[in-house]
Amino acid sequence: GLDSHVVFRPMADWSDLSIPATVEVRSSEGFGRGLYARSQIRPGADILRDEPYAHVLSKAERGGSCDYCLRSSGNLLRCGQCKFVRYCGQSCQRHDWPLHKVECKGLARIHPNHPSDTIRLVVRILQKRVGRRKQLPEDAEWEMDLLRSHRESLTEGVREEVAIQLLGVKKLLEGREPFDASLGFDVLCKLLCNTYSIYNEELSAIGTAVYIGPSLLNHSCEPNCVVVYDGPTFRLRATREIQPGEQLLICYVELLDTRERRRAQLKRVYNFDCRCQRCETETQQVPHSVVVQPFGSQRQP
(Lines give C-alpha, C1' and ligand atoms only; values in the text may rest on other atoms or scores of the structure.)
Protein backbone atom coordinates (compact mmCIF):
# COMPACT_ATOMS: atom_id res chain seq x y z
CA GLY A 1 0.00 0.00 0.00
CA LEU A 2 0.90 3.67 -0.06
CA ASP A 3 2.47 5.59 2.79
CA SER A 4 -0.10 8.04 4.09
CA HIS A 5 2.50 10.74 4.78
CA VAL A 6 3.84 10.84 1.21
CA VAL A 7 2.70 13.88 -0.77
CA PHE A 8 2.18 13.25 -4.49
CA ARG A 9 2.40 15.91 -7.16
CA PRO A 10 1.23 15.15 -10.74
CA MET A 11 3.91 15.87 -13.34
CA ALA A 12 3.73 17.42 -16.81
CA ASP A 13 2.60 15.40 -19.84
CA TRP A 14 5.02 12.58 -20.67
CA SER A 15 2.77 10.86 -23.21
CA ASP A 16 5.23 11.45 -26.07
CA LEU A 17 7.91 9.52 -24.17
CA SER A 18 6.30 6.06 -24.23
CA ILE A 19 4.42 6.54 -20.97
CA PRO A 20 1.02 4.90 -21.64
CA ALA A 21 -2.33 6.25 -20.43
CA THR A 22 -2.50 3.47 -17.83
CA VAL A 23 0.59 4.89 -16.10
CA GLU A 24 1.02 8.24 -14.39
CA VAL A 25 4.19 10.22 -13.69
CA ARG A 26 4.23 11.61 -10.16
CA SER A 27 6.71 13.20 -7.81
CA SER A 28 6.84 12.24 -4.15
CA GLU A 29 8.91 13.32 -1.18
CA GLY A 30 10.14 9.79 -0.61
CA PHE A 31 11.16 8.87 -4.17
CA GLY A 32 11.25 11.97 -6.33
CA ARG A 33 9.78 11.27 -9.75
CA GLY A 34 8.30 7.86 -10.42
CA LEU A 35 5.77 5.84 -12.40
CA TYR A 36 2.43 4.89 -10.80
CA ALA A 37 -0.43 2.64 -11.90
CA ARG A 38 -3.67 4.42 -12.80
CA SER A 39 -5.66 1.19 -12.68
CA GLN A 40 -5.30 -2.36 -11.40
CA ILE A 41 -2.63 -4.40 -13.21
CA ARG A 42 -2.73 -8.19 -13.25
CA PRO A 43 0.36 -10.38 -12.72
CA GLY A 44 2.25 -11.03 -15.95
CA ALA A 45 0.76 -8.03 -17.76
CA ASP A 46 3.00 -5.90 -19.97
CA ILE A 47 2.69 -2.39 -18.56
CA LEU A 48 4.77 -0.36 -20.99
CA ARG A 49 7.20 -0.80 -23.83
CA ASP A 50 9.83 1.52 -25.22
CA GLU A 51 12.48 1.67 -27.89
CA PRO A 52 15.93 2.86 -26.83
CA TYR A 53 16.83 6.50 -27.11
CA ALA A 54 20.23 5.14 -28.09
CA HIS A 55 21.84 1.73 -27.78
CA VAL A 56 25.03 -0.14 -28.67
CA LEU A 57 25.88 -3.78 -29.13
CA SER A 58 28.25 -5.18 -26.52
CA LYS A 59 31.86 -5.69 -27.62
CA ALA A 60 31.59 -9.33 -26.57
CA GLU A 61 28.82 -9.84 -29.16
CA ARG A 62 30.62 -8.09 -32.01
CA GLY A 63 30.72 -10.14 -35.17
CA GLY A 64 27.95 -12.46 -34.06
CA SER A 65 24.96 -10.12 -33.67
CA CYS A 66 23.41 -7.24 -35.60
CA ASP A 67 24.37 -3.79 -34.31
CA TYR A 68 20.80 -2.53 -34.69
CA CYS A 69 18.31 -5.31 -33.85
CA LEU A 70 20.86 -7.22 -31.69
CA ARG A 71 19.77 -10.55 -33.19
CA SER A 72 22.44 -13.20 -33.59
CA SER A 73 23.23 -14.08 -37.21
CA GLY A 74 25.83 -16.02 -39.14
CA ASN A 75 25.47 -13.80 -42.20
CA LEU A 76 26.15 -10.21 -41.16
CA LEU A 77 26.88 -7.34 -43.56
CA ARG A 78 29.78 -5.13 -42.52
CA CYS A 79 29.70 -1.35 -42.93
CA GLY A 80 31.82 -0.59 -46.00
CA GLN A 81 33.37 2.53 -44.52
CA CYS A 82 34.23 1.84 -40.87
CA LYS A 83 34.46 -1.97 -41.20
CA PHE A 84 33.33 -2.08 -37.56
CA VAL A 85 29.55 -2.34 -37.27
CA ARG A 86 27.62 -5.21 -38.82
CA TYR A 87 23.98 -5.66 -39.75
CA CYS A 88 21.73 -8.60 -40.54
CA GLY A 89 20.30 -6.77 -43.54
CA GLN A 90 19.84 -3.48 -45.34
CA SER A 91 16.75 -2.60 -43.30
CA CYS A 92 18.69 -2.59 -40.02
CA GLN A 93 21.56 -0.69 -41.66
CA ARG A 94 19.14 1.96 -42.95
CA HIS A 95 17.41 2.37 -39.57
CA ASP A 96 20.74 2.69 -37.76
CA TRP A 97 22.34 5.14 -40.20
CA PRO A 98 21.03 8.38 -38.59
CA LEU A 99 23.06 7.58 -35.46
CA HIS A 100 25.87 5.54 -37.02
CA LYS A 101 26.83 8.20 -39.57
CA VAL A 102 28.32 10.48 -36.92
CA GLU A 103 30.56 7.73 -35.50
CA CYS A 104 31.36 6.01 -38.80
CA LYS A 105 34.26 8.22 -39.91
CA GLY A 106 35.69 8.26 -36.41
CA LEU A 107 35.62 4.47 -36.18
CA ALA A 108 37.40 4.21 -39.53
CA ARG A 109 39.98 6.80 -38.49
CA ILE A 110 41.00 5.10 -35.23
CA HIS A 111 41.00 1.56 -36.68
CA PRO A 112 42.34 -0.94 -35.58
CA ASN A 113 41.61 0.60 -32.16
CA HIS A 114 38.03 0.46 -30.94
CA PRO A 115 36.21 2.72 -28.47
CA SER A 116 34.42 1.43 -25.39
CA ASP A 117 30.69 0.77 -25.49
CA THR A 118 30.15 3.83 -23.28
CA ILE A 119 32.03 6.14 -25.64
CA ARG A 120 29.98 4.95 -28.60
CA LEU A 121 26.77 5.39 -26.63
CA VAL A 122 27.65 8.99 -25.74
CA VAL A 123 28.46 9.83 -29.38
CA ARG A 124 25.11 8.42 -30.49
CA ILE A 125 23.26 10.31 -27.76
CA LEU A 126 24.91 13.60 -28.74
CA GLN A 127 23.80 13.02 -32.34
CA LYS A 128 20.18 12.72 -31.13
CA ARG A 129 20.38 16.32 -29.95
CA VAL A 130 20.81 17.58 -33.52
CA GLY A 131 17.57 18.86 -35.04
CA ARG A 132 15.40 17.95 -32.05
CA ARG A 133 11.97 19.61 -32.19
CA LYS A 134 9.81 17.48 -29.85
CA GLN A 135 7.83 19.26 -27.15
CA LEU A 136 9.11 18.01 -23.79
CA PRO A 137 7.94 18.31 -20.17
CA GLU A 138 9.77 20.26 -17.47
CA ASP A 139 11.04 22.83 -20.03
CA ALA A 140 13.72 20.37 -21.15
CA GLU A 141 15.77 21.38 -24.18
CA TRP A 142 16.35 17.74 -25.15
CA GLU A 143 15.46 14.33 -23.80
CA MET A 144 18.64 13.87 -21.76
CA ASP A 145 17.69 16.92 -19.68
CA LEU A 146 14.93 14.75 -18.20
CA LEU A 147 17.44 12.34 -16.67
CA ARG A 148 18.96 13.00 -13.28
CA SER A 149 22.61 12.53 -12.37
CA HIS A 150 24.72 12.71 -9.22
CA ARG A 151 27.41 14.85 -10.79
CA GLU A 152 27.90 17.02 -7.70
CA SER A 153 28.49 14.03 -5.41
CA LEU A 154 30.92 12.06 -7.61
CA THR A 155 34.18 11.06 -5.98
CA GLU A 156 37.44 12.31 -7.43
CA GLY A 157 38.22 8.83 -8.72
CA VAL A 158 34.93 8.58 -10.62
CA ARG A 159 35.41 12.09 -12.03
CA GLU A 160 38.81 11.04 -13.37
CA GLU A 161 37.27 7.96 -15.01
CA VAL A 162 34.58 10.13 -16.61
CA ALA A 163 37.25 12.57 -17.85
CA ILE A 164 39.14 9.70 -19.52
CA GLN A 165 35.95 8.54 -21.26
CA LEU A 166 35.35 12.13 -22.35
CA LEU A 167 38.72 12.16 -24.15
CA GLY A 168 37.62 9.06 -26.04
CA VAL A 169 34.36 10.75 -27.07
CA LYS A 170 36.28 13.80 -28.29
CA LYS A 171 38.65 11.62 -30.30
CA LEU A 172 35.80 9.77 -32.00
CA LEU A 173 34.17 13.10 -32.92
CA GLU A 174 37.42 14.71 -34.09
CA GLY A 175 37.02 16.90 -37.15
CA ARG A 176 33.34 17.61 -36.63
CA GLU A 177 31.75 20.76 -35.17
CA PRO A 178 33.36 22.22 -32.00
CA PHE A 179 33.14 19.71 -29.19
CA ASP A 180 31.12 20.74 -26.14
CA ALA A 181 33.12 19.13 -23.32
CA SER A 182 30.71 20.26 -20.62
CA LEU A 183 27.75 18.67 -22.41
CA GLY A 184 29.69 15.46 -22.99
CA PHE A 185 30.69 15.30 -19.32
CA ASP A 186 27.06 15.80 -18.27
CA VAL A 187 25.88 12.96 -20.53
CA LEU A 188 28.56 10.63 -19.16
CA CYS A 189 27.51 11.44 -15.59
CA LYS A 190 23.90 10.65 -16.43
CA LEU A 191 24.90 7.34 -17.97
CA LEU A 192 26.43 6.27 -14.66
CA CYS A 193 22.95 5.73 -13.21
CA ASN A 194 20.58 5.68 -16.20
CA THR A 195 21.74 2.88 -18.48
CA TYR A 196 20.16 -0.54 -18.83
CA SER A 197 21.87 -3.79 -19.79
CA ILE A 198 19.97 -5.51 -22.60
CA TYR A 199 19.60 -9.28 -22.27
CA ASN A 200 18.89 -11.92 -24.92
CA GLU A 201 16.84 -15.10 -24.64
CA GLU A 202 19.76 -16.90 -22.99
CA LEU A 203 19.84 -14.15 -20.35
CA SER A 204 23.26 -12.94 -21.49
CA ALA A 205 23.95 -9.21 -21.59
CA ILE A 206 24.27 -8.25 -25.26
CA GLY A 207 24.06 -4.46 -25.22
CA THR A 208 23.65 -1.20 -23.36
CA ALA A 209 20.88 1.35 -23.80
CA VAL A 210 19.26 4.50 -22.52
CA TYR A 211 15.44 4.64 -22.30
CA ILE A 212 13.95 8.02 -21.41
CA GLY A 213 10.51 7.10 -20.02
CA PRO A 214 11.67 3.96 -18.17
CA SER A 215 14.42 6.02 -16.52
CA LEU A 216 11.67 7.16 -14.14
CA LEU A 217 11.34 3.69 -12.64
CA ASN A 218 12.46 3.66 -9.04
CA HIS A 219 14.10 0.87 -7.05
CA SER A 220 12.94 -1.61 -4.46
CA CYS A 221 14.55 -4.81 -3.20
CA GLU A 222 10.95 -6.15 -3.28
CA PRO A 223 9.98 -5.07 -6.83
CA ASN A 224 6.55 -5.50 -8.34
CA CYS A 225 7.86 -5.37 -11.92
CA VAL A 226 10.60 -6.91 -14.03
CA VAL A 227 12.20 -5.78 -17.29
CA VAL A 228 12.28 -8.15 -20.27
CA TYR A 229 13.64 -7.50 -23.75
CA ASP A 230 12.68 -8.25 -27.33
CA GLY A 231 15.88 -7.30 -29.09
CA PRO A 232 16.47 -3.72 -27.92
CA THR A 233 12.77 -3.20 -27.15
CA PHE A 234 12.14 -2.61 -23.44
CA ARG A 235 9.10 -4.24 -21.81
CA LEU A 236 7.99 -3.68 -18.24
CA ARG A 237 6.06 -6.65 -16.86
CA ALA A 238 4.16 -6.98 -13.58
CA THR A 239 5.35 -9.77 -11.27
CA ARG A 240 2.29 -9.53 -9.01
CA GLU A 241 -1.04 -7.73 -8.84
CA ILE A 242 -0.55 -3.96 -8.69
CA GLN A 243 -3.23 -1.69 -7.25
CA PRO A 244 -4.29 1.73 -8.59
CA GLY A 245 -2.00 4.43 -7.22
CA GLU A 246 0.79 1.96 -6.45
CA GLN A 247 4.28 2.81 -7.64
CA LEU A 248 5.91 0.62 -10.30
CA LEU A 249 9.24 -0.59 -8.93
CA ILE A 250 12.15 -2.60 -10.29
CA CYS A 251 15.36 -3.78 -8.65
CA TYR A 252 18.57 -2.03 -9.68
CA VAL A 253 20.89 -4.65 -8.15
CA GLU A 254 21.18 -8.42 -7.72
CA LEU A 255 18.24 -9.56 -5.61
CA LEU A 256 20.07 -12.50 -4.10
CA ASP A 257 22.87 -10.36 -2.65
CA THR A 258 22.86 -9.67 1.08
CA ARG A 259 21.34 -6.46 2.35
CA GLU A 260 24.78 -5.00 3.02
CA ARG A 261 26.00 -5.67 -0.53
CA ARG A 262 22.81 -4.34 -2.10
CA ARG A 263 22.89 -1.18 -0.02
CA ALA A 264 26.59 -0.63 -0.71
CA GLN A 265 26.10 -0.87 -4.47
CA LEU A 266 23.02 1.34 -4.45
CA LYS A 267 24.91 3.97 -2.47
CA ARG A 268 28.00 3.78 -4.70
CA VAL A 269 26.23 3.83 -8.06
CA TYR A 270 22.90 5.56 -7.42
CA ASN A 271 23.76 7.64 -4.36
CA PHE A 272 20.87 6.66 -2.09
CA ASP A 273 20.27 4.55 1.00
CA CYS A 274 17.63 1.91 0.37
CA ARG A 275 14.86 2.00 2.97
CA CYS A 276 12.50 -0.53 1.41
CA GLN A 277 10.65 -2.91 3.74
CA ARG A 278 12.94 -5.80 2.88
CA CYS A 279 16.09 -3.84 3.73
CA GLU A 280 14.57 -2.58 6.97
CA THR A 281 13.57 -6.05 8.21
CA GLU A 282 15.96 -8.49 6.54
CA THR A 283 18.77 -10.27 8.33
CA GLN A 284 21.94 -11.52 6.64
CA GLN A 285 20.07 -14.60 5.39
CA VAL A 286 18.27 -14.05 2.06
CA PRO A 287 14.61 -15.00 2.61
CA HIS A 288 13.08 -17.76 0.47
CA SER A 289 10.10 -15.52 -0.26
CA VAL A 290 12.15 -13.17 -2.44
CA VAL A 291 10.91 -13.16 -6.03
CA VAL A 292 13.90 -13.97 -8.22
CA GLN A 293 14.08 -11.99 -11.45
CA PRO A 294 15.05 -13.71 -14.71
CA PHE A 295 18.45 -12.02 -14.58
CA GLY A 296 20.55 -9.89 -12.25
CA SER A 297 20.34 -6.14 -12.02
CA GLN A 298 17.78 -4.21 -14.04
CA ARG A 299 20.07 -1.24 -14.43
CA GLN A 300 23.68 -1.35 -15.39
CA PRO A 301 26.08 -0.41 -12.59
Cα gyration tensor category, rounded, prolate or oblate, for the chain with a/c compared to 1.5: prolate
For segment 46-111, the percent of accessible surface on carbon and sulfur atoms (probe 1.4 angstrom, ligands and nucleic acids excluded) is 47
Using the crude model of +1 on Lys and Arg Cβ and -1 on Asp and Glu Cβ, and no other charge, please compute the dipole size for the chain relative to its Cα centre, in debye to 20. 900
Would you work out which of LEU154, GLN247, GLN165 lies farthest towards the positive end of the dipole of the chain, given +1 charges on the beta-carbon of Lys and Arg and -1 on that of Asp and Glu, about the Cα centre? GLN165
How much of LYS59 can a 1.4 Å solvent probe reach, expressed as accessible area in Å² and rounded to 10? 100
Amide H contacts under 5 Å for ASN218, restricted to residues at least 5 apart in sequence or on another chain and with H modeled in the peptide plane, are LEU35, ILE250
Rounded if a/c is under 1.5, else prolate if a/b is larger than b/c, else oblate: which is segment 95-211, with a ≥ b ≥ c the root eigenvalues of its Cα gyration tensor? rounded
Sorted by accessible surface (1.4 Å probe, heavy atoms of the protein chains only), largest first, THR195, THR239 come out as THR239, THR195
5 angstrom amide H check on ARG71, placed H, neighbours 5+ away: CYS66
For the chain the mean separation of alpha carbon contacts under 8 Å (6+ apart) over residue count, i.e. relative contact order in percent, is 23
For the chain, the per residue accessible area (1.4 Å probe, Å²) is 50
Quote the charge dipole size of segment 66-177 about the Cα centre in Debye, to the nearest 20; the model charges only the Cβ of Lys and Arg (+1) and of Asp and Glu (-1). 680
Pairs of alpha-carbon atoms within less than 8 angstrom and 6+ residues apart define the contacts here; what relative contact order does segment 105-210 have, in percent? 30
Only Lys, Arg, Asp and Glu count, each charged at its Cβ (+1, +1, -1, -1), so figure out the dipole size of segment 150-292 about its Cα centre, rounded to 20 debye. 120
Put PHE31, PHE84 in order of accessible area, largest first, probe 1.4 Å, and you get PHE31, PHE84
Which residue, ASN194, ALA181, SER204, has the largest displacement toward the positive end of the dipole of segment 159-204 when charges sit on each Cβ (Lys, Arg +1; Asp, Glu -1)? ALA181
Given the pairs LYS128/LYS170; LYS190/LYS267; LYS128/LYS190; LYS170/LYS190; LYS83/LYS105; LYS128/LYS267, which are separated by over 20 angstrom at their Cα positions? LYS128/LYS267
Yeah, segment 80-162 with a ≥ b ≥ c from its alpha-carbon gyration tensor (a/c under 1.5 is rounded, else prolate when a/b outruns b/c, oblate otherwise) is oblate
Area accessible to solvent at HIS114, 1.4 Å probe radius, in Å²: 90
Out of the total accessible area of segment 129-192 (probe 1.4 Å, heavy atoms of protein only), what percent is carbon and sulfur? 49
Straight-line reach from LYS101: which aspartates and glutamates have a Cα under 18 Å away, not including same-chain ones fewer than 8 places off? ASP67, ASP117, GLU174, GLU177
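The values are calculated or read from the model by the stated rules, or taken from the named source; none is laboratory data. Quick caveat: nothing in here was measured; it's all calculated off a predicted structure. Heads up, the Cβs are rebuilt from the backbone with ideal geometry, glycines too, and the neighbour counts pull from every protein chain shown. For the accessible areas, the whole protein counts, side chains as well, though only heavy atoms, and no ligand, DNA or RNA atoms are used. Shrake-Rupley method; radii C 1.70, N 1.55, O 1.52, S 1.80 Å.
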